[in-house]
Structure formats: C-alpha cells, structure tokens
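Undergrad: Sharing a structure below in structure tokens format, with a few things to ask.
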Amino acid sequence: MHLDGNVLAGPLLELFREDMTTATARCASCGDVSVLATAMVYDAAPGWCVRCHVCGDVLLTFVRAGDRLRIDLRGVTALELPAG
Amino acid sequence: MGTVASTSAETPSGRSIWIDVPDWAGNIAGQHVDVRLTAPDGYQATRSYSLASSGPSPRLQLAVDKLPDGEVSPYLVDDLRAGDMLELRGPLGGWFVWSPSVEQPVQLIAGGSGVVPLVAMIRAHAASGSTAPMQLLYSVRTPDDRFFADELEKLDNITYAYTRSGPPDATIGRLTKERLAAAVLPVGSAVFVCGPTGFVEAVASWLVDLGHDASLIKTERFGGA
C-alpha cells in the first residue's frame, strides 16, 4: 500500500534544503504537472520509490546507503518550486 | 532533540506525547515531524507523525496510535516516559497545512488517528478567530477510539461516522458516498482528508464524484508505523 508525497518532506529536505512537497514535478511519461505531495510513494527501504499519481510511472527514487543519499530523477523532466 | 514532558492515554491503543524542543521555530497547523529511533546495534527506523499543536510554542503535541506490528509506534505508545529524549526533525511539509489567511469554508475528514493534523487546524482556527466555516467528519471505530474526545465533545460542528459500534441512534458501518455527501460542506469548500490509504483514496474519489474540485482536496495518507 502506498503513502503520498507528504512523507518525503523530511528525506528531500536533506538533499534540497527546501520543502519539496510544494514543488511541482512534470512527469516524463504523461506530462502531468503536480505538487510532489500528491505523488504515490512506495516504501523501498532503505529508500522510497515515487510514482506519478496520474499514470503510475516512476518519477524518482530515493535511497539512503550508509552515509550517502542518492536521488534518481529518471521520470521528472522539470521541478519547480516557490521562489524563497 | 526533544525531551518528553509528559504522556497521557487518548484511546485504548493511542497516547498523546508532549515534547519540549527548546529551539523549535514554530509550525503551521497540519505539519509533521519525523521521529528517528536508534537501536543499540545502530539499526534506525524513522516515521512521520503529525503535530496536534501549532504556533510558536516549543512544547509540541503528538498523538500516536499503536500498530501492533509497527517498528516505532509501540515504543512511543508503551515505553516512552517523561524525561526521555527523542530525536526528531521538523516542522515538515508545507502542503497539507491550513493557515488563518484562508477565507474559504473548510471541510476536514479524518479516518482514525488521521484526526491529529486536523485537530491542529481546528485549534488554529479557534485561536485565530477566523470566521471561515470549518467542520469535521470523523470516521472512527467506536466512541472509545476517538482521539481528543473531551476536547471535541465541546464542539458542535463535528459529525461522527462510527464503523464498529456507537450510540443507539447512530448509523454504524463504513462511510459511504451517500453518508459523505450528507455530511460535508458544499462544493467550493477546501477539503482536507487524512487517514489510512484506503480510506483517503475512497473519500477523495467520492468527493470528485460529488462534484468537488480535485484541486481543492488535499490528502495525507499513513501506513505502517
């Protein structure tokens, strides 16, 4: 069972130093543009797999391995967030 | 790091936990914290918990429901005591939030312990003197399973949907689209839905069927914790 992008607030803060749940992501597969808070998030311990809530394709994966964080943005063609 | 100030029973399986975080920057109603537990062997587990508190106060309130096979919630509910230290990060999340500047009517819909961030919104709404209508639909197993029961008892803008048992005059059973339609504010209201994934998915799709604009519906799901 999936969660949603709200749960990514903490993990993505480590990488981006900003709240990314209000950022919009454009899906490379279907072109939908939605805030990351609405994405479907699957537990893939020690990380997360994030899927488009419209078409279900992978937007990004996020992994913590030891003292490294890695994000794979294969399914995101644009990220946009409110300017600070 | 936070220090547990006190805990108290909310339901047979849930506890409120008050935590003092001296350098807390304040939070908006609806935000959450990530709590990280570290075992003696170094194994770590992190889970997100919504805050029932909001505003500048450095004393935070969490309310946690124990999931029997959870990794973090049994410790928080059964073992945590006043004076214990807790590693947490926050406030987190800027999307599933309500602030008094919003003038739209607001419908809150909770499934089980999903009521926690919505209670933060109810409290913030009351504290701000906002004139925007706000009401809560609370789906919960039984009256004993209600979080914040005493506090909510004093409010008249709440509809309960008991799924297992309840007062003699109550309709018992899972929420349906028809019961949802009868209980929520009209189309055009902002809607916040928080609960287990299945509950949130059902409610959100019914709301859209009933004509609510998907862009006005904000959802937050929780799972194993």
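Undergrad: Along its three principal axes, how long is the protein assembly as shown when you only count alpha carbons? Whole Å, largest extent first please.
TA: 56, 49, 36
Undergrad: A further question follows. Return B:PHE147, A:PHE16 ranked ascending by Cβ neighbour count within 10 Å, so the fewest neighbours appear first.
TA: A:PHE16, B:PHE147
Undergrad: Determine the shielding of peptide B:89-99 by partner chains: average, over its residues, the number of Cβ atoms on other chains within 10 angstrom of each Cβ.
TA: Per residue, the average neighbour count from other chains is 6.
Undergrad: Would you calculate the convex hull of the Cα atoms in chain B and tell me its volume per residue in Å³?
TA: 123 Å³
Undergrad: Determine, for B:ILE217, B:ILE122, B:ILE158, the number of other Cβ atoms within 10 Å of each Cβ, and report the residues in order from fewest to most.
TA: The most exposed by this proxy come first: B:ILE158, B:ILE217, B:ILE122.
Undergrad: Related question: Return the single residue from A:ASP19, A:ASP32, A:ASP67 with maximal mean-square fluctuation; model: Gaussian network over chain A, springs between Cα atoms under 10 Å.
TA: Checking each option, the largest mean-square fluctuation is seen for A:ASP67.
Undergrad: So, one more: Please compute the Cα-Cα pair-distance distribution of segment B:106-222 with 10 Å bins starting at 0, giving whole percents from short to long.
TA: 14, 50, 32, 4
Undergrad: Roughly how tilted is helix B:115-128, in degrees to the nearest 10 and between 0 and 90, from the longest Cα axis of chain B?
TA: 80 degrees
Undergrad: With a 10 Å Cβ neighbour count serving as the proxy for reagent exposure, in which order, fewest first, do A:HIS2, B:HIS212 appear?
TA: The order, fewest Cβ neighbours first, is A:HIS2, B:HIS212.
Undergrad: Which number comes out as Rg/Rh for segment B:2-92 once both Rg and the Kirkwood Rh are worked out on C-alpha atoms?
TA: Here Rg/Rh amounts to 0.94.
Undergrad: For segment B:1-101, run through the GluC sites (Glu not before Pro) and keep only the ones in DSSP coil with at most 16 other Cβ atoms within 10 Å of their Cβ.
TA: Those satisfying the criteria are B:GLU71.
Undergrad: Against the globular-protein guess of 2.2 N^0.38 Å, express the Cα radius of gyration of chain A as a ratio, rounded to two decimals.
TA: Rg over 2.2 N^0.38 Å, computed on Cα atoms: 0.99.
Undergrad: Taking trypsin sites (Lys or Arg not before Pro) as candidate sites, keep only those in a DSSP loop with at most 14 other Cβ atoms within 10 Å, then name the longest stretch of chain A containing none of them.
TA: Here the longest run is A:18-73.
Undergrad: Under the rule of -39500 (n - 2.57) per DSSP H run of 4 or more residues, summed and divided by the residues of the protein assembly as shown, what mean residue ellipticity at 222 nm is obtained, to the nearest 500 deg cm²/dmol?
TA: Taking each H run of at least 4 residues, the total per residue is -4500 deg cm²/dmol.
Undergrad: Rounded to the nearest Å, what's the spacing between the alpha carbon centres of segment B:174-225 and segment A:11-84? Just the number, please.
TA: Segment B:174-225 and segment A:11-84 have Cα centres spaced 24 Å from each other.
Undergrad: How many partner chain Cβ atoms sit within 10 Å of a residue's Cβ in peptide A:17-23, on average, as a whole number?
TA: The shielding value for this peptide is 3.
Undergrad: Looking at segment B:160-225 from every direction and averaging, what is the projected area of its Cα convex hull in nm²?
TA: Projected over every direction and averaged, the Cα hull of segment B:160-225 covers 5.0 nm².
Here, each number is a calculation from the coordinates, and none is a lab measurement. Predicted, not measured: the structure shown is a model, and the values here were computed from it. Note that we place each Cβ from the backbone using ideal geometry, even for glycine, and neighbour counts take in every protein chain shown.
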